[in-house]
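The values are calculated or read from the model by the stated rules, or taken from the named source; none is laboratory data. Treat the numbers as computed from the prediction; the structure is a model and nothing was measured. Using ideal geometry, Cβ is built from the backbone for each residue, glycine included, and neighbour counts are taken over all protein chains shown.
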Amino acid sequence: MEDNSSVVEAQKPEKETQEIKDKGDPQTKCALEKASQDIDGLLSNLSTQNEIPDFVDKYLDLADDKISSHESILEDNGSFLKLVNQISELYRNLSDSGSNHGALINRIGKIQQRAMCYLEDEFMSLMEESRTKDSQASDQSGEDQSADHHSNGEQNYPGYSHQVLTTLNKIAKEMILGGYESECYEAYMITRRNIIEEALNKLGYEKISIDDAQKMQWEALEKEIPPWIKAFKQCINLYFSGERKLVETVFSDYLSLSSTLFSNLVSRVFIQLLNFAEAVATVKRSTEKLFKFLDIYETLRGNISAIDSMVAKECAEVLWNETNRTRCRIGETAICIFCDLENAIQSDTGKTPVPGGAVHPLTRYTMNYVKYACDEYKQTIEQVFKDHSKTERARSRPRNYLGDSEKDKEEDDQSPFVGQVLKILELLDSALEAKSKLYKDTALSCIFLMNNERYMLQKIKASAELHQAMRDTWCRKTSSELRNYHNTYKRETWMKLLSCLNVEGLNVNGKVVKPVLKERFKSFNAMFDEIHKTQSSWVVNDKQLQSELRVSISAIVIPAYRSFLARFSGTLDPGRQTEKYIKFQPDDIEACIEELFDGNSGLMARKKT
């Protein structure tokens, strides 16, 4: 086997040399410290000296080498920052002295520029890389690490250790003193903006321009709204507070600059978030988009107040104005969307009646839409109408169902939103009235109107918010109309049937005229058969209304038929004649009535004699 010991020994000097280089050549380090002391002495007496000592060139050589070979300020004992400070002061003093040392000043300026570039890179690196590393360390060390950071009673900055914050503060100070304030400013702005955007991206939020929004399908854009809401709230209630404390720590010696930095950073991020809301406001309106607009409105309205306590007055005023402009845009669009429900009702001009007189899809959509708006967004949407409605209140009011004495008080207390809801319900009433005319059978028209009015009434009663908005006025009016439709239905159907049981003309000279009696029974049987066959296919989905109708029909028909049967059935000859003309017993009639309004044309559950 080959002996590798000689190879290992040969590598030792190279390794040791590298370690010495990494730690810094002691002789070079000592020379730089001596030169640094000489420079301190020179700087304190520079105004009284005309000649530049030879050791300045030696110092600049050593400083140049140190800048070229330096790796990490965090691992430095502060000598590098002291070096940068000396170079900046030397450059400033020589430049201000008016001396004829142009070549030397240029050299110092180039060294300073290299040093500042290094500081800028180190500044950005510490803010980006140390944030991640320290965040992980913070998660691991937990309470031990946070104890140091809370020693002054201040909240810790997420992801930055005390050492990193101190170093960032020192770097910022040297860059500003050296005349590189704008570079430090931009480095901080770019880094922190990127970090915030990265945090927002993790919440699912991505920047979307107005052009992008207008090209997107609503389903895709709609999915971006919840992440935006979360990002907006996080920024207002968490990120911005931390950012203010961070910038005040890093630039603690320059509070005016830190205030400007923070205001500009907040403004850029905030305006970016507002641009998303503006982009959503430009999309084509449709009724299903209302509730997402209200979500955005709630977010803008409920979180903006925190801005006042964060940024300078001038910046806060700008952000307030921008937010209010966007909020107005969203609010006005939301009103237009809600009012577009009027157009949806008026444009539903279908000429095909709903089978069986059932609840019309327009009724279901409108009532569920209004109910959801009241149940989930009543406070917000009322505020939107109050603050942003441009329609004159008198023009938006529906016809009034009250007497003149109640009218004024009702309208005075009525909010613009409630007025709009009443107008929508009035339009729906009118649309349903027109659609009821599509039925050739008046009785079926009444069933259709009863179904739809009952559906509207039940939806209002099922919503505490909507019922409170409508009060009892609309409910009383609708209940009254339901009774009218019910009476009209009975008159058009069952009162005509009862005419077959009329006793007039049955008695002549005290005797029952059998042919007339037989004709009355035949007419009753035929008419009842037809009613049952037809109205069994009609639909009444509301079980309570269905029961009410059946009970009222039975109350009309059964007693009258029972009385007629008891009075005249004995007149007919027993046997086949009775069976031929008396097809129904009262129980059969009642059973048939119980089959009405199920939407089926089934066989009658009759029991013949």
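Restricted to the range 281-389, the set of helices (runs of 4 or more DSSP H) holding at least 1 residues that are hydrophobic (A, V, I, L, M, F, W, C) and outside the structural domain of residue 229 (by TED's automatic domain parsing) comprises 313-346, 361-388. Taken over the range 494-517, residues that are surrounded by 12 or more Cβ atoms within 10 Å (Cβ to Cβ), free of Cβ contacts under 8 Å to residues at least 12 places away in the same chain and hydrophobic (A, V, I, L, M, F, W, C) amount to 2.
The test for being modelled with pLDDT of 90 or more, closer than 30 Å to residue 453 by Cβ, within 53 Å of the chain's Cα centre (by Cα) and of a type in the set (A, V, I, L, M, F, W, C) does not hold for residue 497. Of the helices (runs of 4 or more DSSP H) lying entirely inside the range 1-73, not one contains at least 3 residues that are surrounded by 12 or more Cβ atoms within 10 Å (Cβ to Cβ), among the aromatic types (Phe, Trp, Tyr) and modelled with pLDDT of 60 or more. Here residue 515 clears all of (1) over 24 Å from residue 440 (Cβ atoms); (2) within 60 Å of the chain's Cα centre (by Cα) except the condition numbered (2).
Is it the case that residue 90 is aliphatic (A, V, I, L, M), more than 28 Å from residue 165 (Cα to Cα), assigned to a helix (DSSP H, G or I) and at pLDDT below 90? Taking the combined requirement at face value, the residue does not satisfy it.
Scan the range 100-159 for residues that are among the aromatic types (Phe, Trp, Tyr), modelled with pLDDT of 50 or more and either in contact with a Lys or Arg (Cβ under 8 Å, 6 or more places away or on another chain) or farther than 30 Å from residue 52 by Cβ (or both) and the total you get is 1. Of the helices (runs of 4 or more DSSP H) lying entirely inside the range 204-266, the ones with 3 or more residues being in contact with a Leu (Cβ under 9 Å, 6 or more places away or on another chain) and modelled with pLDDT of 90 or more are found at 218-234, 240-250. Here 277, 281, 306 are screened, and the one residue that is hydrophobic (A, V, I, L, M, F, W, C) and farther than 25 Å from residue 212 by Cα is 306. Surrounded by fewer than 22 Cβ atoms within 10 Å (Cβ to Cβ), of a type in the set (S, T, N, Q) and touching a helix residue (DSSP H, G or I) at 6+ places or on another chain (Cβ under 6 Å): is that true of residue 260 in this structure? No. Restricting the range 74-97 to residues that are among the small types (Gly, Ala, Ser) and at negative phi leaves a set whose member that is surrounded by the most Cβ atoms within 10 Å (Cβ to Cβ) is 88. Among what's in the range 166-192 and is of a type in the set (A, V, I, L, M, F, W, C) and under 37 Å from the mean Cα position of the chain (by Cα), pick the residue that is surrounded by the most Cβ atoms within 10 Å (Cβ to Cβ). That would be 187.
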